[in-house]
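One structure is given below, encoded as structure tokens.
The values are calculated or read from the model by the stated rules, or taken from the named source; none is laboratory data. The structure presented is a predicted model; accordingly, all values stated were derived computationally and were not measured. Positions of Cβ are generated from backbone atoms using ideal geometry, with glycine treated the same way; all protein chains shown enter the neighbour counts.
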Amino acid sequence: MLEPKSEASRLLGLRLRERRLALGFNQESVALLAGLNVSNYARIDRGHGNPTMYTLIRLAAVLQLELSELVTGLALEQLPPTRDSYIAIEFRRSQNATANRRPGLGQAAGLTP
């Protein structure tokens, strides 16, 4: 069996599956009620999918949950690595460092807080 894409995917799938089973639904029922393809929902339920925000909202509604209950506690460290491992905060820091070396440029470019 395939490993989950990430720890975040695994935890999301676990939360969905536990709630689905507590409500007595099968994967097909949840998928149909949420307007999803059954095989796509099954991948998410097993921790292998990467659902969009819209999909998460639909699933939360079908499973009578708040969206926050599905994503609470998921952190950056639980995501798979990015292609170049350069994340937004590092970009922001480099932009601020560059702006600080050139007086006045950071404010003109709107890069300083």
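Only one of the numbered conditions (1) at pLDDT 95 or above; (2) not in a loop (DSSP other than H, G, I, E, B) is violated by Ala8, and that is (1). Could you pull out the residue among Ala34, Ala75 that is on the phi < 0 side of the Ramachandran plot and under 13 Å from the mean Cα position of the chain (by Cα)? None of the others qualify; the one that does is Ala75. Residues in the stretch 11-54 that are closer than 27 Å to Glu77 by Cβ and not in a loop (DSSP other than H, G, I, E, B): 18 in all. Here Leu65 fulfils each of the conditions (1) surrounded by 10 or more Cβ atoms within 10 Å (Cβ to Cβ); (2) modelled with pLDDT under 90; (3) within 22 Å of the chain's Cα centre (by Cα); (4) part of a loop (DSSP other than H, G, I, E, B) apart from (2).
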